[in-house]
Every structure is written in structure tokens, then in C-alpha cells.
1. Can you tell me the FRET efficiency between residue 171 and residue 69 if r is taken as the Cβ-Cβ distance and R0 is 30 Å, rounded to the nearest 0.05?
2. Amide H neighbours of residue 225 under 5 Å, counting only residues 5+ apart in sequence or on other chains, H built in-plane at 1.01 Å?
3. Can you give the net charge of the other residues whose Cβ lies under 11 Å from the Cβ of residue 259, counting K and R as +1 and D and E as -1?
4. Quick one: net charge around residue 227, please, counting Lys, Arg +1 and Asp, Glu -1 for every other residue with C-beta under 13 Å from its C-beta.
5. Among 178/306; 22/64; 235/321; 178/214; 222/321; 15/235, which pairs are too far apart, with a Cα-Cα distance over 31 Å?
Amino acid sequence: MVEEYIQKIYEELLKEEQDSAKRISDLQIHLKETQAMIHLLEETNDPNFESFTPRKVNARNKQKIDELHAEMKEVEEAIQQETDYHTQQMEKVEEAAKVLRQAEADVACRCDRNTLEEERYHTSLLETQENERQRISRELHDSTVQNLTAMVHMAELCSKLVDMDPIRCKLELNKMIKNLREIIDDTRKMIYNLRPMSFDDIGLDITIERTLDKLEATGTKKIHFVVEGTPYQLKPIIGITLLRIIQEACSNAICHANPTLIHVLLRYEQGAITVIVEDDGTGFDVHILDERPRDDNSGFGMSMMKERVYLLSGSIQIDSKIGVGTKIIVKVPISNKEEF
């Protein structure tokens, strides 16, 4: 089919663009290594040490510095060429993505649609999933990948310093140990955000309580959590989705409403479970709420919360007034609480 052929071309272009980005990263690392080596040689070749540094050593250092400068110039030119090529590939990928989206849209138009609302819902669901993937991708790129790349650079530098300057090599290794601990901590936080491990061990109520404790600590806001009714076991997908909804509602309040207090209620009912998140913040006009995602995705939270509720066949009610606060009521049906 045409869309499959376009998809294949798109994937090939995307792979080439990613390979080009990796080549640029490798060249940049090589450039930094060369700069570091020149710096070390220039320190060794300091005129102040002329009286006790053999002239042959100084001559060899100067020759090596000249060679490294020439090599650095070549690497810089290679980076520029690869950057230009990478820009061209990005444009091709974007063009292929547009054609692919158009092809997918044409296929979608040929499919049977029950209602216009169903079509809007599925499109919005895809946007929700894609934005979540982009958020995770940005977190990995901006933190883990960047830090690990720096670790590679430091390790390669230490391999050159181990014989020339053991003391500095040891200092660099200490920095690496500290940075690696930070990377491990960041990765653990990311894993916990994807799926809290405590959810499988201690249940929904305590997991929500611990999550809110962390939000309260980072946001310096008071969050009051209450459970009503007799707790019963839920399907994991329902529990984790309710946790995400509560996280999103509280995070939105902390980031945008500047509240002094947030109330979170989890109510177990016969055949349903209700979540209420209420704050005393600045509030907003629900009639003019812009749910379209902005460039920084700051307007995407409310839409994502609604999509999660709709996926559980639940209902969501948002009551808010400027200067009064916001109240969000989510109700999810539980057909059989024994099935999980």
C-alpha cells in the first residue's frame, strides 16, 4: 500500500537523520578531546618551565600542538559539513512526515466513522500519546544522554591523563563518580514516574499518599489527602490512571494556580470510584480554557487528563472561577471490583 511505502521511506530518512546526529556528537566529543589535549600540552610547554624542561620535549610539544591545531580545524570543518547535511536530512524527514500524515489522514477518511466526535477523540488520543512520548524523549535527551556523553568524554580524557597527570586523573574520576550517582538518581525518578513500583506492592492509597508527599515537598504547597469508603482492589490500569490524573491535577494547581492548600479525596463507592481535587488558587474561566498544546506543552495537561478519564469510560467535571479556586471531580465506573 502507498502509506506503507511512505512509512518505509520516512523511517529510512529518520534513521539517516539520527545517524547524522550521532556523527555530529562523536565529532564534537573528538573536538573537545583535542582541545583538552592542546591545553595540557600548552601547560607543559609553559616558558616559565624552560629552565628545567628539556628543549627537545618543548620542541616535540610545540610540534604536537601545531598538529593538534591542524586536526582541530579539520574536525571543525567536518562538523560544519555534517551539520549542513543533518539540516538537510531534518527537512527531508519533516517533508516525509507531512506526506505520511496526509496519507494516514486519507486512509482515515476512507474508514467508517460512527460520529464526528469519535473521529475527534481518536485524533486527540494520538496527540496525547505522541506528546507523552516527546516528553519522555526530551527528559532522556536533556538529562541522561547528555550526562552519559559527558561521562564518555571524561573517561577518555582520564585515559590520556593517567600517565601524564595522575593527580588530575584522580580528580576527574571523583567527578565521574559523583555525576554517575546523579544520573542513577535521575533515572530512578524517571522510572518511578513511568510506573511507581510501590503501586504493585502496597496498593493505590499509599502510592497516592507518597506521590503527593513528594509533590508537597517540591512545590512547598500543603496537600491534604483523604480516603473515604472501604478500599477494594482495582485493575492495575485503573489504579495507575487514577494516580496520573491526581498527579496532573495537583501539578497544574501548583504550577499555575498558586494555591495555599490542595484537597485530594479518593472515594470508594459501590460500582464506581470518585476522585476530587480541589484547590484555593487563582482559578480560571472554564468557558475560555484553551486546551490546544502550546510550543512548550504547558496547555496540554487538562486535555491529557480528560483523555485518561474517557479511556476508562468515566466522567470529569471541572468547576473553577477566577479568584475562587478550582474543583475537579472524576468518576470512574467499576464493573467488577474482583477482576483485576
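1. For residue 171 and residue 69, the calculated efficiency is 0.70.
2. For residue 225, the qualifying residues are 264.
3. Net charge in that neighbourhood comes out at -1.
4. -3
5. 178/306; 235/321; 15/235
Every number in this text was worked out from the coordinates using simple rules, so none of it is lab data. Remember, it's a predicted structure, so these values are computed and weren't measured experimentally. Neighbour counts run over all protein chains shown; Cβ positions are idealised from the backbone, glycine included.
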